[in-house]
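Accompanying notes for the structure given below.
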Amino acid sequence: MIHQQAHIRDKAEAKVYGTATSPLELPKYRIPRGASDSRATLELLRDELFLDGNAKQNLATFCQTYEDAEIRELMDLCIDKNMIDKDEYPQTAEIEGRCIHMLANLWNGPEGANTLGTSTVGSSEACMLGGLAMYYRWKERRQRAGQDTSRPNLVTGPVQVCWEKFARYWDIELRQVPMEEGCYGLTPQAMEPYLDENTIGVVTTLGLTFTGQYEPVEDLCHALDRIQQEKGLDLELHVDGASGAFVAPFCAPDLKWDFRNPRVKSISTSGHKFGLAPLGCGFILWRDKKDLPERLVFRVNYLGGEMAVFQLNFSRPAGQVIAQYYQFLRLGFAGYQMIHMSCYETAQYLAREIEKMGVFQVIFGGDPQQGIPAITWRLKPEAAVSFNLYDFADRLRVRGWQVPAYSLPQNAQDIVVQRILVRQGFGRNLAQLLVGDFHRALTYFQTHRICDNLTQKEAGAFNHNGT
Ligand SMILES: *Cc1c(COP(=O)(O)O)cnc(C)c1O
């Protein structure tokens with residue numbers, strides 16, 4: 001069999017590299033006039049794609065880079081299914097509904113409430129919908145009371161860039177409560193001064209982009225209860241659970257971050273992060289049907305039947321949602337727990353090893369009660385080294401590892417950190433090889449001094465807000 005495969009490949013390569021097209025550059029600006037051989041085109045494209053980073057070594061991304069063979073098979077099976085055509089593909093629509101019910105249950109949606117939700121392309125679309133619903137709930141409340149609606153604001157901690165987009169696209173003032181050294185998320189005390197009657201709501205993040213830590217959702221809810229009593233402001237919460245909403249239920253079940261808090265009106269997540277679905281999958285759920293304003297829902301009849309549509313996108317691939325359902329069935333609660341816990345163990349192992357190196361200070365080290373399976377560290381301020389973390393990231397890149405270095409947002413922008421997301425497929429063995437490369441890089445910098453004049457602050461001019 002192997003011989004036969006090798007033979008076929010030889011033939012394909014002879015065809016590709018021996019053809020008239022192979023010595024030429026691929027067209028870049030115009031669609032070529034004629035057609036090309038499909039096999040040769042594939043091989044040439046495959047060659048070009050080798051220049052991309054290797055996804056498994058991309059420790060910057062929160063997204064899945066490993067999928068079972070069965071998922072690939074399902075994706076292939078679904079390649080022609082359009083998620084929006086619920087009348088043509090009723091079983092796909094049914095499966096989407098099952099995913100939403102399972103998530104409502106996982107997130108402790110109140111029994112008897114008409115929990116409502118949809119799948120999306122990812123968290124960005126889900127957050128956009130959550131933000132819009134929040135905005136219109138606020139606006140309709142104010143309009144009913146005859147109050148001004150011209151100056152909406154949104155209060156958040158350090159959010160992912162999708163919330164900056166939301167605020168800018170819909171002309172809402174974003175009040176991002178600044179970070180401080182040692183405290184990298186939203187706290188009740190820091191939040192309070194930013195709230196007023198024009199606040200459409202509060203967004204809290206479960207799994208901060210910058211460090212991986214959870215914000216204290218329950219404490220924030222309690223603070224909002226007290227603020228309502230004292231000031232009469234009744235404020236609602238959206239949880240951006242892009243990563244954490246698929247981790248905390250399995251690994252920190254006592255953490256009350258979800259619909260157990262009545263103030264949490266909507267939760268969004270990325271199926272393609274710790275939901276373990278392939279890229280292109282997100283969800284948003286509202287606590288109750290009434291939390292999604294009617295004006296966001298469109299009824300269309302041209303798909304056959306009358307359908308409620310409230311996503312930003314119309315056509316969208318369905319395979320990711322089917323694959324999400326497959327993962328629910330295949331892994332079950334125990335499977336998710338096992339996979340995520342082993343990621344935490346790898347993260348904790350890395351945190352210990354990185355601490356031991358002496359020059360780094362771990363800011364977050366993969367504690368399941370405190371955040372997602374990630375680790376974030378900085379150079380110790382007193383570390384006597386001739387490199388900064390941008391240099392260190394570059395050096396790791398020599399071995400193919402992508403470990404981003406970036407400065408923290410407002411008020412902490414002098415602090416440069418590096419972060420690793422530990423995902424399914426990055427296990428103890430690879431982690432141990434990575435540790436070896438850390439040591440190799442440190443040795444390299446002992447013998448090659450490179451940045452005597454560049455302070456960390458200057459290097460902090462680049463900001464990387466990766467996903
Ligand atoms: C990744 C992420 C997003 C954006 O999600 P996509 O699925 O990439 O669109 C939003 N918020 C947080 C906290 C994230 O981690």
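The values are calculated or read from the model by the stated rules, or taken from the named source; none is laboratory data. Just so we're clear, the structure is a prediction, and the values are computed from it rather than from any experiment. Don't worry about glycine lacking a Cβ; one is built from the backbone with ideal geometry, like all the others, and counts go over all protein chains shown.
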Residue within region 191-214 that is in contact with a strand residue (DSSP E or B) (Cβ under 9 Å, 6 or more places away or on another chain), surrounded by fewer than 15 Cβ atoms within 10 Å (Cβ to Cβ) and either over 22 Å from Asn261 (Cα atoms) or aliphatic (A, V, I, L, M) (or both) present: no
Sole residue being more than 15 Å from the ligand (Cβ to nearest atom) and among the hydrophobic types (A, V, I, L, M, F, W, C), chosen from Ala223, Ala245: Ala223
Filter result (touching a helix residue (DSSP H, G or I) at 6+ places or on another chain (Cβ under 9 Å), assigned to a loop (DSSP other than H, G, I, E, B) and of a type in the set (S, T, N, Q)) within region 37-63: Thr61
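How many of the residues making up region 227-242 are under 30 Å from Asn105 (Cβ atoms), away from the ligand (no atom under 16 Å from the Cβ) and either modelled with pLDDT under 95 or out of contact with any Gly (no Cβ under 8 Å at 6 or more places or on another chain) (or both)?
We begin by selecting, within region 227-242, every residue under 30 Å from Asn105 (Cβ atoms); these are 228, 234-242.
Now narrow it down to the ones that are away from the ligand (no atom under 16 Å from the Cβ): 228, 234-236.
Now restrict to residues that are either modelled with pLDDT under 95 or out of contact with any Gly (no Cβ under 8 Å at 6 or more places or on another chain) (or both): 228, 234.
Qualifying residue count, region 227-242: 2.
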Exclusive hit being under 23 Å from the mean Cα position of the chain (by Cα) and either within 16 Å of the ligand (Cβ to nearest atom) or at pLDDT below 95 (or both), set Phe210, Phe250: Phe210
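Is it the case that some residue within region 67-78 is at pLDDT below 95 and farther than 20 Å from Arg330 by Cβ?
Filtering region 67-78 for residues at pLDDT below 95 gives 67-68.
Filter once more, keeping what is farther than 20 Å from Arg330 by Cβ: none.
Scanning region 67-78 turns up no residue that is at pLDDT below 95 and farther than 20 Å from Arg330 by Cβ.
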Where Thr120 falls short, out of the listed (1) away from the ligand (no atom under 11 Å from the Cβ); (2) in contact (Cβ under 8 Å) with a residue 24 or more places away in the chain; (3) out of contact with any Ser or Thr (no Cβ under 7 Å at 6 or more places or on another chain): (1)
Pairs with Cβ under 7 Å, 6+ apart, first in region 123-139 and near the ligand (Cβ under 8 Å from one of its atoms), second assigned to a helix (DSSP H, G or I) and not small (Gly, Ala, Ser): Ser123/Cys162; Ser124/Cys162; Cys127/Cys162; Cys127/Trp163; Cys127/Phe166
Region 91-117, residues that are in contact with a Ser or Thr (Cβ under 7 Å, 6 or more places away or on another chain) and charged (D, E, K, R): Glu96
Filtered residue count, region 68-106, keeping only those that are away from the ligand (no atom under 16 Å from the Cβ) and assigned to a loop (DSSP other than H, G, I, E, B): 11
